[in-house]
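To start, the structure under review is shown below, and the notes come after it.
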Amino acid sequence: MAKGQRVLFLGVYGMEVVECGGALAKNVLSGGESYASIMLCRDKSQPQVRQAAEVLGVQVSFLNFQAGKVDLSEESKLKLIKVIREVKPDIIITQDPEHSFHDLDPDRRPAMTLLLESIALASRDFGLDKLPGLSPHPIPTIYYMTPHHPNTVVDIADVWEKKEKAMDMLESQLEFSGMHFDRMLDPETAEILCPGFSQLKNNHEKGRAIHKVLDKAVHVYHGLPSHGHFALAEAYKREGNFHLQELTI
């Protein structure tokens, strides 16, 4: 990622800000500006997501879509187009189309179509009368987060502690994860992953403990195997070809 980019993350759920927080934080450290706009985030979770974003240096906003009611209406498109035209990003990060269709989290599939349609329409003369003062913005470079088939990895070792601290802010998510993992994992398996898991006092502690294991496993997997160069890496898929003046290492 070149220095000083304007990066916009268009997310469906709040935790995604942290999931691609390494790239967002590195852009800020390089002198750029990182923004996030979240479609679905419960009122009680929004302060926590805002705190996580502050740790990463990300400016976050919430679009307050209704769960189970994400659609392709003009109103929905204009919400996203407004953000794109206001931020004028060089790069957009958003969810992976392939991943979204396999993921059974609700709203991911209509959200993916809505996101891509809105990115495309933001560059045209769509909605100019309803968004006065906001001119069309050319389609930025697009990267998909946590893709099934990445073609890009970003070294995040220097912002790893920031990313982990940002995850600490998401107390509601960690409590939910703790309940999930406690049901899903048998006690012996949980101890293999996280020695002492059974002694943890509550769901929040259990969720944070397993997320620490998962976070490191995922980022090491994308950084080191197959002759990788990075100890800890976030994976992305760039939309389209890389356009280079010459080959680069």
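The values are calculated or read from the model by the stated rules, or taken from the named source; none is laboratory data. As the structure is a computational prediction, the values presented were derived from the model and not from experiment. Here Cβ is always computed from backbone atoms with ideal geometry, including for glycine, and neighbour counts include all displayed protein chains.
For Leu104, are the conditions met, namely being modelled with pLDDT of 95 or more and either within 17 Å of Phe9 (Cα to Cα) or of a type outside the set (Val, Ile, Thr) (or both)? No; evaluated as a whole, the condition is false for this residue. For beta carbons closer than 7 Å, sequence separation of 6+ or different chains, a first residue in the stretch 169-191 that is acidic (Asp, Glu) and a second that is loosely packed, with under 14 Cβ neighbours inside 10 Å and in a helix (DSSP H, G or I), the qualifying pairs are Glu191/Ser198. Taken together, Leu134, Leu114 contain a single residue that is closer than 19 Å to Val12 by Cβ and touching a residue at least 24 places away in the same chain (Cβ under 8 Å), which is Leu114.
Yes/no per residue for (1) under 13 Å from the mean Cα position of the chain (by Cα); (2) of a type in the set (Ser, Thr, Tyr); (3) over 30 Å from Ile249 (Cα atoms):
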{"site": "Phe9", "(1), (2), (3)": "yes, no, no"}
{"site": "Ile38", "(1), (2), (3)": "yes, no, yes"}
{"site": "Arg50", "(1), (2), (3)": "no, no, yes"}
{"site": "Ala53", "(1), (2), (3)": "yes, no, yes"}
{"site": "Lys82", "(1), (2), (3)": "no, no, yes"}
{"site": "Arg85", "(1), (2), (3)": "no, no, yes"}
{"site": "Glu98", "(1), (2), (3)": "no, no, no"}
{"site": "His102", "(1), (2), (3)": "no, no, yes"}
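Being among the aliphatic types (A, V, I, L, M) and either in the same structural domain as Leu115 (by TED's automatic domain parsing) or in contact (Cβ under 8 Å) with a residue 60 or more places away in the chain (or both) is a property that holds for Leu232. Of the residues making up the stretch 233-247, not one is outside any loop (DSSP other than H, G, I, E, B) and polar (S, T, N, Q).
Residue-wise test of (1) free of Cβ contacts under 8 Å to residues at least 60 places away in the same chain; (2) of a type in the set (Gly, Ala, Ser).
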residue	(1), (2)
Asn64	yes, no
Asp71	yes, no
Ser76	yes, yes
Ile81	yes, no
Thr94	no, no
His102	yes, no
